[in-house]
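Trainee: Quick one: this structure, given as structure tokens, is what I'll be asking you about.
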Amino acid sequence: MGARARAFQGGRNWIITSFVLGTAFLANQAYEWKTLPFRPRTNAYGSLFYIMSGLHGLHVLLGLVAMIALLGRLAGSIKVAIRARRRCSRPSATTALRRFRLDRAVQRLFLLS
């Protein structure tokens, strides 16, 4: 695997880690909302708490959706990088032809001398 593919793999691992932590945050937030002794209608603090934590939860949820989309794009990039690495490691027909011509030229030089 080439350096570019390894970089994509490292990025993929960090995105997965962030996704897991974001999911844990949302699960904790849901648990906290369920067990709190106050509701949004209880007082001003309750209203502000639910609004702020709800907006932050929405922000994290949208980030999780974006991470899924990014993982999809990154998976395609990893495949492209691996294919490109494989292509570079195997000589193509053009490279083989060039090598053949170079070998023939070297043989002619040695035959003339």
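Trainee: Taking into account only those residues within the stretch 1-60 that are more than 29 Å from residue 72 (Cβ to Cβ) and not in a helix (DSSP H, G or I), which is nearest to the chain's Cα centre (by Cα)?
Mentor: Among them, the one singled out is 36.
Trainee: Return the total of residues in the stretch 64-73 being surrounded by 14 or more Cβ atoms within 10 Å (Cβ to Cβ) and in contact with a Phe, Trp or Tyr (Cβ under 9 Å, 6 or more places away or on another chain).
Mentor: Of the residues in the stretch 64-73, 3 are surrounded by 14 or more Cβ atoms within 10 Å (Cβ to Cβ) and in contact with a Phe, Trp or Tyr (Cβ under 9 Å, 6 or more places away or on another chain).
Trainee: Name the pairs whose Cβ atoms lie under 7 Å apart, with the first residue in the stretch 1-30 and without any contact (Cβ under 8 Å) to a residue 60 or more places away in the chain, the second of a type in the set (Val, Ile, Thr), and 6 or more positions between them or separate chains?
Mentor: Sorted first by the residue in the stretch 1-30, then by its partner, the pairs are 22/60; 25/60; 26/60.
Trainee: Could you please tell me which pairs satisfy a Cβ distance under 8 Å, a separation of 6+ or placement on different chains, a first residue in the stretch 64-81 that is modelled with pLDDT of 75 or more, and a second residue that is in a helix (DSSP H, G or I) and among the aliphatic types (A, V, I, L, M)?
Mentor: 64/26; 67/15; 70/15; 71/15; 71/16; 74/15
Trainee: Mind checking which residues of the stretch 15-53 are closer than 29 Å to residue 67 by Cβ, among the aromatic types (Phe, Trp, Tyr) and surrounded by 11 or more Cβ atoms within 10 Å (Cβ to Cβ)?
Mentor: Correct list: 19, 25, 33, 49, 50.
The values are calculated or read from the model by the stated rules, or taken from the named source; none is laboratory data. Not measured: the values here are computed from a predicted model. Don't worry about glycine lacking a Cβ; one is built from the backbone with ideal geometry, like all the others, and counts go over all protein chains shown.
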